[in-house]
Amino acid sequence: MPQGRDGRLIVVSDDLAWYADADHIVPTLQGLLDEWERFAPAVEALAVDLAHEAIPMRRFHEREAAAPLPRAYQWADGSAYVNHVELVRKARGAELPDSFWTDPLMYQGGSDDLRGGRDPIVLADEAWGCDFEAEIVVVTGDVPQSAGRDEALGAVRLVGLVNDISLRNLIPGELAKGFGFVQSKPASHFSPVFVTPDVLGDAWADGKLSLPLSVDLNDKPFGRAEAGEDVTFDFGTLIAHLARTRRIGAGSLIGSGTVSNRDPDGSPGRPVALGGRGYSCIAELRTVEQIAGGAATTPFLHWGDTVRIEMRDAKGHSLFGAIEQKVVKG
């Protein structure tokens with residue numbers, strides 16, 4: 001919840017209806033991650049008491065929640081879904097190296113300004129080509145240098161969602177410099193709630209989250225990708241890739257990259273309106289339009305547009321709350 005630069009720690013009920021303050025145990029989520037073995041049992045006991053309504057509790061409103069980590073020691077975004085990477089590269093006329101299927105792609109994002117799921121997308125210039133990217137994100141504990149996949153996967157403490165905003169029309173010029181993203185990757189937005197992997201049950205296995213990821217644009221279905229399918233690199237592999245030459249500090253955020261599916265016949269996928277699973281970003285749809293008709297026709301985001309990203313379990317319950325945003329002129 002908002003309080004100072006690092007917020008304050010609360011525990012939320014499974015139905016996202018109620019919360020209890022946890023800052024008497026440890027003030028912030030970063031503090032919990034720093035000393036997980038010390039504080040996690042008490043926080044878990046508090047969650048059990050909340051479930052049994054045995055402690056004071058208050059109504060939880062997603063719109064009041066800050067990002068679970070308003071600032072973090074690290075935010076790195078990977079390429080679990082190489083289908084997405086292939087499509088967006090094709091859109092700008094770049095070939096996909098064969099190594100991308102065996103060696104993860106990853107970029108280091110800004111982690112000093114991480115925004116909540118109901119904070120607006122602030123866009124100064126529509127010509128920059130603003131796009132959403134719906135992704136899964138995990139938060140790690142400490143990971144030693146050169147950790148293997150299994151050790152890295154064992155360090156996953158929390159799971160959530162992220163909208164990794166991209167300014168598509170700024171990307172080519174930055175990549176041409178050979179030094180990665182900076183201006184083309186503004187602040188990312190995170191789901192109101194992160195959960196421990198055990199809460200996800202069988203949906204979390206082998207470093208993958210196997211549930212549909214819903215994306216709506218202006219209140220219309222845009223994407224319904226299955227997050228557990230077409231995964232080239234699981235989270236254990238992504239984290240181990242980052243840890244190859246350095247330690248990873250507790251509270252590091254690792255993104256999956258845009259969730260992306262192919263059609264069963266191997267094609268890039270169809271829009272939801274045509275019976276497909278759609279897309280988790282506009283760039284993929286524009287690429288499909290270009291392949292099919294010779295030109296991209298769907299525009300990037302305009303001021304006033306709304307985006308909603310959410311994941312529900314098999315019973316239809318929202319797991320992380322919704323990232324629901326409006327694009328505003330900044």
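The label-point distance for T196 and E126, in a model that sets each label 7 Å from Cα toward Cβ, rounds to 4.8 nm. The accessible area of C281, taken with all protein chains in place and a 1.4 Å probe, comes to roughly 0 Å².
Can you give me the relative contact order of the chain as a percent, contacts being Cα pairs under 8 Å and 6 or more apart? Contact order relative to length: 23 percent. Tell me the angle of helix 36-51 to the major Cα principal axis of the chain, expressed in degrees between 0 and 90 and rounded to the nearest ten. Here the helix axis deviates by roughly 80 degrees.
Hey, for a label at D206 modelled as a point 7 Å past Cα toward Cβ, could you say which residues of region 90-129 have their backbone N under 20 Å away? Taking a point 7 Å out along Cα→Cβ of D206, the residues of region 90-129 whose backbone N falls under 20 Å are 101-105.
Would you mind checking K220/K329; K185/K315; K90/K185; K90/K177 for any pair whose Cα atoms are more than 25 angstrom apart? From the list (K220/K329; K185/K315; K90/K185; K90/K177), the Cα-Cα distance tops 25 Å for K185/K315.
Note on exposure: K177, K326 ranked by accessible area (1.4 Å probe, complete protein assembly) read K177, K326, with the most exposed listed first.
Label-to-label distance, D263 versus N169, with points set 7 angstrom from Cα along the beta-carbon direction: 3.0 nm. Subtracting the Cα-Cα distance of Q290 and H52 from 0.36 nm times their residue separation leaves 80.3 nm of extension gain.
Any chance you could give the angle, 0 to 90 degrees and rounded to 10, that helix 282-293 forms with the longest Cα principal axis of the chain? The two axes meet at around 20 degrees. Within the same chain, aspartates and glutamates fewer than 8 places from K208 are excluded, and of the rest, those with a Cα less than 14 Å from its Cα are E135, D150, D198, E226, E229, D230, D234.
With Cα atoms as the point set, the radius of gyration and Dmax of region 262-330 evaluate to 14.8, 43 Å. Inter-label distance, R246 to T102: 2.6 nm, where each label sits 7 Å from its Cα along the C-beta direction.
Region 62-102 and region 103-136 have Cα centres spaced 10 Å apart.
The values are calculated or read from the model by the stated rules, or taken from the named source; none is laboratory data. Because the structure is predicted, anything quoted here is derived from the model rather than measured. Glycine gets a Cβ as well: all are built from the backbone with ideal geometry, and neighbour counts include every protein chain shown. Just so you know, the surface numbers come from the protein's heavy atoms only, side chains and all, with ligands and any DNA or RNA stripped out. Shrake-Rupley method; radii C 1.70, N 1.55, O 1.52, S 1.80 Å.
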